[in-house]
Structures are given as C-alpha cells and as structure tokens.
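The values are calculated or read from the model by the stated rules, or taken from the named source; none is laboratory data. Every value quoted in this text rests on a predicted model; they were computed, and no experiment measured them. Cβ coordinates were reconstructed from backbone atoms using ideal geometry, including for glycine residues, and neighbour counts include every protein chain displayed.
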C-alpha cells in the first residue's frame, strides 16, 4: 500500500484523505503559482475586473526614484531621533493610557483600522465578494501591521520604531512584500504590469540603487534576478516602496507628537547627545512565560528574523521524544492506554445508533487501528523531520560564510531545504486530514454536524456534513470556519496561508472562552501539532530572499523528492498494512477497554485487592502488546531502520506492581528503609522482545540486568549537574532511587517540592496523590532550569537553560481545567525519569536562611 493513496479501511492514515468523509484527495500544501503565472489579463477579465495598469518604464523609474529619495530621508531622520530620544519615547509611550496612545496613533494615521490583521478580517467578511470591496480595504491589505489593536499596546509601537529606525530600508524589502501576500493573491491590491524589467531592492544600501529599474537587455543577471526572486517585479517593487514611504512618515509623525515639547528642527541637532541603544525586554504573557503567539504577533514589528535552525531542531527533537514517550506510556500504563482509546473513540466517525449492535461491530477495532497507526506515524514523521533539521543545521554551519542575498544557495543546502519542506508539507497534510476526520465528531462540536452512513454493516462509509438545522453564534461560526479552512486545504488556505490561519485560531481561543470550550483536548493536541510544523514552515518562509524562489527551484527537483519520499516510507506502508482493520480485528478482544480490564487504581492506598487489580490490568496490557509485536514481526518484518524499532530497542524497563506481601511479612524483611522507599513499590521488567530478535542494540543479558534492577549497565543521567555522559542509545531509564547515592539534589521551594512529590508518586514513600495546578508545574520546571514557552493548542515546550543538557521536552497543558489530574501528573514524572533520570528523592526543601 502506498501511504499517499486512499484506502478502504477507516483507520487513521496521515498521508491520505479519508474516503468516508468525501473521497476526494486534498491538494498539496505547497505554495501555488496558479495566480502569478497565469495570464493576468485573462484572470482579471474572468472576474469582471479591469486589467492592471501598464505604465511606461520612465514613469515607473521616476516614481521609484521619488519614493526612494523620501524613504532614505525619512530613515535618516528617524534614525537620528532614536539615537537621541529612544529611551524617552519608550518611557513616555508606556506611561500613556490606551486611550492616549490611540489618540497619538489616529493623529498620525487618521483612518487606521481597528483590528489585528485587518486584511484577514476583510477577507473573512467578504471572502466571496472581495473584488467589489477591494478598493475600500486597499490600505488594510498593504499595511496590515498598522492597526489600533496591535499598535495600541504599550510595546508594539516602540518595537516598530526600533526596528525601522535602527535598520536600513533594504533589510525589510522581502518581508514587506511578503506582508502583502493576502492582498496580492486575492487581487485586493493590483500591482502595475511592466514586462521584461526587474527592480532592485534586496541588499541595495545606496539610495541610487534602491528601487532601480533594470531592463533584462541591459544587465546579464536581470532576468535571473527576477526568475529566482532575488529581486522584484516592478509592480511588487513599487508596492514595497509605497509601503515603506508611508510607514516611515507615520513613525516620524508619532515621534513628533510624543516629543511634543522638543522643537522639530532641534530633535536631531547636537543639542541632544547620542545615547546608547536601550535594550528591548522579552515579551511574556500573564503567567510570566514566553508564548509562540506573542512571538508571532510581534514578528512583523521586529527586524526580519533569520532562519533559526537550532530552534527548529529543538522543537522537532522534543516532539520526537514526546512521541517516544507516548509509545512507552501506551505499553506501560493501563490507565493511559484506556484513556487514549476512549478519547480516540470520541473522535472517530461512529456507526449510527439506528444500526443493530453486532458482535462483529468494528468500532473498537477501528479505534485500536487508529491508535496504533497514529502512534507509529507520529514517531516516524517527527524523527525523520528532526534528523533532517539536524542535517540542515550542519549544512548551514558548513556553508554559512558563503550564504549571501546576492548569491544562489549552495546546491546541497538548497536540495536539503526543499526536501525538508516537502516532508513538512506531507506531515502537515496528515495532521490536517486527522483534523478533518475528528472535528465534526468531537463531543463539543458534534451537535453542529450530521453524520451519514452510506455503507453497509460490514463496510460502513461515513460522511460528516454541517448541520444546517443548528444555529451557530458568531464565535462558533468563526471557530468552525477557521478549522474548516485548515482541513479543507483548498483555495482559502492557499490565499491565507496555514500559519496565518493558525495564528487567528489561537487568538480566537484566547479571546473567547466559549471557543476554547468547543475545542476538545484531542483537537487542541492536533492544533499543537500544526503549531510545530507550522512554525517550521514559517521559519522557511522568512528565509528571504531565497524562500521566494523555492517554487521555481522545485520545478526540476520535485519528482526526485517525491520518489525519494515514496521509497523512504515503504516500511511505513508495511506497518499501515499490518494495522489495517481485518488484521487488527484479531486484537479487539485483547485491547477493548470497555470491559474495565484496564482499570488501574494506582492512586489508592495499596491493599491486597488493589494490588491484584493493578497486576491484572498490567498483565492484560502486556498480553495486548505481545500480540501486537507478534503480528508486526510476522507481517512487517524486522522494522530495521525505523525510529519505532530504535525507540523500543533501548534498554528501558516497564514499571510493574509486585505481588502483594502481607504487612507482617514485610516487617521481617531485612532490606533497608531507603531501599523499601525507593525500590519496594515496583518491579521493573523489559518490554516484549519479539520485535528485537536479532537486534544488536539490546542483548538478552542487558535486558535481564535491567529487569532485575542491576546497575552495572552504564547509565546516562541527563540533566543532572556533574552527571557522567554517554551516547543516547546507551542511556537507560532506571528504577527511581537505585543509584540514589550518586544522584545530585535539587533544592527547591515548598511549592515546587509539592509538585515533584506528586509527579514522582511512590506509595511506599507516603508521597501525595493529588492534582497539580498547571502554574505550579510551570514554576517547578522553571525552578530546575527550564525555560517554558507556550506553543499553540495545548503544547508547552521546555528548553533547558542552566542544566548541562540540550534535550528539550514538551507537555500538554490540561484542558479545559488548569489542573493536572493525578494520573497525568504521574505520567509526567515517568517521562521526566525517562528523559533525564529524575526521581522523587532528588528534590529537597531549600533552606531559606
């Protein structure tokens, strides 16, 4: 089976649309050229619009020269003002009330739009009739960053002043052009048309070169500059000059109003000494942490960022670790396994109740199939993206000195970027398909959709459509429109771009509690997935001027990349075939959680009945995974080369409950009290080894040593000051406290200590089994040397700062309550143990004396 082709079963497949919804494959996510490369006159005529203006070259050059002259004069003026008064401007602006700030803004720009991204707001309101109102919104589409909602904040205007007054105009040429993307592709703004000329802006530091019009016949590189998008079409160039001309004039007017007590002719005179540039403070949210949404909101007001490959690598590495932890938790924790299956059941199209129940009802088999495929795909996809991002970083370091806006990228670097971009788009497409499958049947939104069964009892064909009988309020309508724009992956998404839609979705969820209440934790997780791949795609978009030429560079390479992708994912296809519905039906009885076989009262006090229940649940889970591994081994082979096998081949343990021992017998046990508290509560056993027969990575002796708790295996205790380091494959999770004498100690306050005593719950050590407030968890992680950043959806990214470790980790914020349930908190502790070797005895109360 090709993972890119539709199939008849109802399992999750990340690289295909779902025929039970509409049977039509969605288009690729890559940028399209079906507007820019088509006949402009034909397009305009088909829409009943006048064709673009075609001026003479001399007119274009004169307009460009006039605007360039004004732009450089404005820049010198603004630069001089900021050199002398930036600290004063910043102080005065932050002291003003919002009403006073808006008064200044409207005095300098009287018709300033009200809302954030006014171009997107106009498109949302008039998407089907935009041509008729395009002239009315032209300013919003050219200057979307100029709006009262954003600039009225205490910091945004000062960011914009700093970036535009401290960096020359050519720095922003490419990003200013990209900022008009929505206006250009919707034809709300129409550039002039002048063929066989190019306008130079990128890298042009001299006024006479900035906005220079060059004929293809007059310069040997002119056509190549236009073709590879290193420079600009004349119409695009004039729009960028118009943007910068008006923006810089506006910023100078704001400075004049704020510095009202200083005569205009003296603002840049020697009367005022040049001052050091005041530092910019990091923007934090109400909880005191950085968020991706704040970074995205501020990005247009800062200097264009450079491609941040270490950030991409960190995001993808942490997401890969989370995928590994998910697989281990599914195998180790019966309550987690059961919870994931019930959650997936709530987010799959279901057989209507009008059909008679049947012993052969495939619903739980479909659920099990979806969970197995999703967990495998998440790990393979993000591990592959992580590996490619590491390779890109190495190539960037290698070619760094040779990368210049005036030059082509080195071939191997460009090829690696295009390959990474293609894989990102494919993984993103998979998440969008799952979003399409899940939103309409998710419990909070199910009432707004209707499910139709177009198949038979043995082969259901389920179709989910909007329920037109149910009225939607404004918030619900906007939420569904944004989600549908994402999952439909069609013309609207091409126009808006996925990163913009996700930004707007995040803003809506923050601003409207009702919208947040309509998003289930599983849908929030999918939005979080999109935030990770979307941020990676955003990073590629800002890699200017080369990003503008990716589509052109892809023409001769696309087929090769697609063939390589298909070859690389052949083993994935084998796993998908193995987990198809007919095969997984044999696992249904073992994996069906509806009979409470996975009941897991781990938070209750241990007694004989509870311990027996725990052991039965663990045995049921082990039986299920043994059957899965046997089936994989028989039908998919060795799985060599997959991240899945590599993860499960690590010498890790599964935590299991030992047999009940009567209290009287325990008193006669001569094990030390510290050993009782550390190791007496659990046994540690290796996972099923069926998949690893013949594997060189894990020997039987190593697994036996691990299972018995023998510590002669060399352990990597990552994240522990002074800890000895070995390779990643040599690191093994260890029973908490088995090396307690060698572990470092974190001195934390009482608030953090309470968190760690819960997440590293040990019934023998009398630790607490309660909920954990999310803010307390953030505080605890911060107190041990992690910087937390909120991504979109429910995902938080924790980056080590003061620890001697590079590995990041990600956790989901609880939703809708901001309390981490005990069972989830305990899983967080297991993940921290697997990632860094942490355990409960490492944390002690800090002496405040």
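Points to keep in mind about this one:
- Residue tally, condition outside any helix (DSSP H, G or I) and either touching a residue at least 40 places away in the same chain (Cβ under 8 Å) or crowded, with 17+ Cβ neighbours inside 10 Å (or both), over region 282-305: 10
- Summed over region 813-822, the residues that are at pLDDT below 85 and surrounded by 18 or more Cβ atoms within 10 Å (Cβ to Cβ) give a count of 1.
- Single residue of 628, 584, 611 found to be in contact (Cβ under 8 Å) with a residue 40 or more places away in the chain and farther than 17 Å from residue 327 by Cβ: 611
- Test: residue in region 402-415 that is touching a helix residue (DSSP H, G or I) at 6+ places or on another chain (Cβ under 8 Å), touching a residue at least 24 places away in the same chain (Cβ under 8 Å) and more than 23 Å from residue 304 (Cα to Cα): no
- Applying the criterion of being out of contact with any helix residue (DSSP H, G or I) (no Cβ under 9 Å at 6 or more places or on another chain) and part of a helix (DSSP H, G or I) to the residues of region 537-559, the residue that is surrounded by the fewest Cβ atoms within 10 Å (Cβ to Cβ) is 559.
- Test: residue in region 419-434 that is free of Cβ contacts under 8 Å to residues at least 12 places away in the same chain, within 24 Å of residue 543 (Cα to Cα) and surrounded by fewer than 18 Cβ atoms within 10 Å (Cβ to Cβ): no
- Listed here are the strands (runs of 3 or more DSSP E) enclosed by region 771-849 that have at least 1 residues being farther than 19 Å from residue 288 by Cβ: 809-812, 843-845.
- Checked against the criteria, residue 829 does not count as surrounded by fewer than 19 Cβ atoms within 10 Å (Cβ to Cβ), within 30 Å of residue 520 (Cβ to Cβ), in contact (Cβ under 8 Å) with a residue 12 or more places away in the chain and out of contact with any strand residue (DSSP E or B) (no Cβ under 6 Å at 6 or more places or on another chain).
- Residues of region 598-640 that turn out to be farther than 23 Å from residue 761 by Cα, part of a loop (DSSP other than H, G, I, E, B) and touching a helix residue (DSSP H, G or I) at 6+ places or on another chain (Cβ under 6 Å), as a count: 1
- So residue 451, is it surrounded by 15 or more Cβ atoms within 10 Å (Cβ to Cβ) and modelled with pLDDT of 85 or more: no
- If the condition is being within 17 Å of residue 625 (Cβ to Cβ) and either free of Cβ contacts under 8 Å to residues at least 24 places away in the same chain or surrounded by fewer than 17 Cβ atoms within 10 Å (Cβ to Cβ) (or both), then region 587-596 contributes 589, 590.
- Residues that are assigned to a helix (DSSP H, G or I), without any contact (Cβ under 8 Å) to a residue 40 or more places away in the chain and more than 30 Å from residue 107 (Cβ to Cβ) within region 204-256 comprise 222, 223, 224, 225, 226, listed in sequence order.
- Comparison of 311, 356 shows that the only residue that is modelled with pLDDT under 90 and either on the phi > 0 side of the Ramachandran plot or under 26 Å from the mean Cα position of the chain (by Cα) (or both) is 311.
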